[in-house]
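Participant: First the structure, which I've put down as structure tokens, then a few questions once you've had a look.
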Amino acid sequence: MATAGKQTDGPDSTAVRVALWRAMHLQVDAPPHVLVDEIGLQLAAPDEGWRARPDMDPAGTSGFRAAIVARARFIEEMVVEQAGRGVVQYVILGAGLDTFAQRRPEIASRMRVFEVDQPGPQTWKRKRLIELGLGVPDWLRLVPVDFEASESWSEQLAAAGFDPRLPAVVVSTGVTMYLTKDATAATLRQLAGLAAGSTLAMTFLLPTELLDVADRPGLQASERGARAAGTPFISFYTPQEMLTLAREAGFDGAQHVAGTSLAERYFAGRSDGLRPSSGEDLLVATT
């Protein structure tokens with residue numbers, strides 16, 4: 001398992017972009033809002049002119065912004081549902097500036113939330129949570145894992161208090177495109193060994209030819225940006241390929257959730273035309 005971006009003392013640039021897009025959704029898109037998240041913006045504390053950044057252009061990046069809030073809403077609903085079924089462990093692989101614990105403490109405090117990320121960003125995030133008065137409650141475990149030194153995230157997770165005998169909900173978003181397919185398959189094999197009743201949600205990028213024609217230039221621009229940042233996209237999956245990987249890894253159940261289905265679920269009937277771009281789908285797998 002790995003996360004996007006190189007080891008730094010602060011958050012990865014991709015994590016910051018996601019947090020800012022979530023904030024932009026509230027600032028420039030009309031209600032109803034798919035997700036309400038201003039805490040990520042507080043954590044990132046960008047320069048005053050952040051909204052003038054090219055990657056924050058309200059019109060030009062609206063599809064990406066919508067896709068980010070759609071996947072976050074879907075995952076949040078899944079976590080709340082699993083918590084309602086008695087699952088008490090929530091693991092976020094490559095957590096970045098995730099804010100579930102701060103925004104939904106009425107759910108999170110009934111669970112043990114494990115945020116897994118690189119040591120530098122984890123140290124920075126702990127400091128920011130304390131500076132903002134949000135704190136790090138005992139049920140929130142920030143788990144630093146030095147992926148570049150080949151540390152085992154599963155061992156670090158256990159050391160932080162994860163109980164492998166209990167079911168968990170595990171989420172990995174915006175990560176698989178940076179990993180080799182062998183690395184993702186290895187991660188899936190590890191996760192398939194979780195206790196019965198566990199659920200995984202993992203995003204993946206579709207090959208260009210499966211995207212809506214109108215969305216292809218946006219994906220190509222993202223690819224160029226990722227390459228320039230030193231974190232190139234190296235893996236794309238057809239839905240069937242991802243389902244096969246999950247089943248071969250040992251998951252009992254595997255379901256493909258198309259990004260287009262999230263568009264229908266969360267954006268139908270909007271008068272402003274806001275819709276997620278195509279290109280990123282989800283695997284939901286169960287043990």
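For every residue, the table says whether it meets (1) under 28 Å from Leu211 (Cβ atoms); (2) modelled with pLDDT under 90; (3) charged (D, E, K, R).
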site: Thr14; (1), (2), (3): yes, yes, no
site: Leu43; (1), (2), (3): no, no, no
site: Met56; (1), (2), (3): yes, no, no
site: Phe64; (1), (2), (3): yes, no, no
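Participant: Output the residues belonging to the range 56-86 that are of a type outside the set (A, V, I, L, M, F, W, C) and assigned to a helix (DSSP H, G or I).
Facilitator: Residues satisfying the conditions are Ser62, Gly63, Arg65, Arg71, Arg73, Glu76, Glu77, Glu81, Gln82, Gly84.
Participant: I'd like to know if the range 130-137 contains one or more residues that are out of contact with any His (no Cβ under 7 Å at 6 or more places or on another chain), modelled with pLDDT of 95 or more and either surrounded by 17 or more Cβ atoms within 10 Å (Cβ to Cβ) or closer than 30 Å to Gly259 by Cβ (or both).
Facilitator: The answer is yes; a qualifying residue exists.
Participant: Additional query: For a quick check of your reading of the model, give me the residue pairs whose first member lies in the range 90-107 and is closer than 14 Å to Leu35 by Cα, whose second is in a strand (DSSP E or B), with beta-carbon atoms closer than 6 Å and at least 6 apart or on different chains.
Facilitator: As it stands, the answer is Asp98/Ile92, since those pairs meet every condition given.
Participant: So is Ala221 free of Cβ contacts under 8 Å to residues at least 24 places away in the same chain and of a type in the set (Gly, Ala, Ser) or not?
Facilitator: yes
Participant: Name the pairs whose Cβ atoms lie under 7 Å apart, with the first residue in the range 163-185 and without any contact (Cβ under 8 Å) to a residue 40 or more places away in the chain, the second not in a loop (DSSP other than H, G, I, E, B), and 6 or more positions between them or separate chains?
Facilitator: Within 7 Å, the pairs are Pro164/Ala158.
Participant: Still on this model: What's the number of the only condition in (1) assigned to a loop (DSSP other than H, G, I, E, B); (2) in contact (Cβ under 8 Å) with a residue 24 or more places away in the chain; (3) in contact with a Pro (Cβ under 9 Å, 6 or more places away or on another chain) that Ala30 fails to meet?
Facilitator: (3)
Residues checked against (1) hydroxyl-bearing (Ser, Thr, Tyr); (2) within 25 Å of Val34 (Cα to Cα); (3) touching a helix residue (DSSP H, G or I) at 6+ places or on another chain (Cβ under 7 Å); (4) modelled with pLDDT under 90:
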site	(1), (2), (3), (4)
Gln190	no, no, yes, no
Ala195	no, no, no, no
Arg216	no, yes, yes, yes
Gly225	no, no, no, yes
Thr231	yes, no, yes, yes
Arg247	no, no, no, no
Gly250	no, no, yes, no
His256	no, yes, yes, no
Gly259	no, yes, yes, no
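Participant: Can I ask one more? For Gln220, only one of the following conditions fails: (1) at pLDDT below 80; (2) within 23 Å of Ala254 (Cα to Cα). What is its number?
Facilitator: (2) is the only condition that Gln220 fails.
Participant: Do we find that Glu77 is free of Cβ contacts under 8 Å to residues at least 60 places away in the same chain, surrounded by fewer than 17 Cβ atoms within 10 Å (Cβ to Cβ) and within 16 Å of the chain's Cα centre (by Cα) in this structure?
Facilitator: Taking the combined requirement at face value, the residue satisfies it.
Participant: Does Leu35 qualify as being in contact with a helix residue (DSSP H, G or I) (Cβ under 6 Å, 6 or more places away or on another chain), closer than 26 Å to Glu264 by Cβ, of a type outside the set (S, T, N, Q) and without any contact (Cβ under 8 Å) to a residue 60 or more places away in the chain?
Facilitator: Spelling it out, Leu35 is indeed in contact with a helix residue (DSSP H, G or I) (Cβ under 6 Å, 6 or more places away or on another chain), closer than 26 Å to Glu264 by Cβ, of a type outside the set (S, T, N, Q) and without any contact (Cβ under 8 Å) to a residue 60 or more places away in the chain.
Participant: Within the range 97-129, take every residue that is in a helix (DSSP H, G or I) and of a type in the set (Phe, Trp, Tyr) and give me the one that is surrounded by the fewest Cβ atoms within 10 Å (Cβ to Cβ).
Facilitator: Trp124
Participant: Which one is surrounded by the fewest Cβ atoms within 10 Å (Cβ to Cβ), of the residues in the range 167-180 that are over 14 Å from Ala95 (Cα atoms) and at pLDDT below 95?
Facilitator: Here the residue is Thr180.
Participant: List pairs: first in the range 49-62 and surrounded by 13 or more Cβ atoms within 10 Å (Cβ to Cβ), second among the aromatic types (Phe, Trp, Tyr) and assigned to a loop (DSSP other than H, G, I, E, B), Cβ under 7 Å, 6+ apart or cross-chain?
Facilitator: Listed pairs, sorted by first residue: none to list.
Participant: Evaluate the range 155-177: report whether one residue or more is under 28 Å from Ala70 (Cβ atoms), part of a helix (DSSP H, G or I) and touching a Leu at 6+ places or on another chain (Cβ under 6 Å).
Facilitator: The answer is yes, given that some residue of the range 155-177 is under 28 Å from Ala70 (Cβ atoms), part of a helix (DSSP H, G or I) and touching a Leu at 6+ places or on another chain (Cβ under 6 Å).
Participant: Among the residues of the range 185-217, count how many are of a type in the set (S, T, N, Q) and within 16 Å of Val116 (Cα to Cα).
Facilitator: The qualifying residues number 2.
The values are calculated or read from the model by the stated rules, or taken from the named source; none is laboratory data. Computed from a predicted structure; not experimentally measured. Ideal geometry is used to build each Cβ from the backbone, glycine not excepted, and the neighbour counts take in all protein chains shown.
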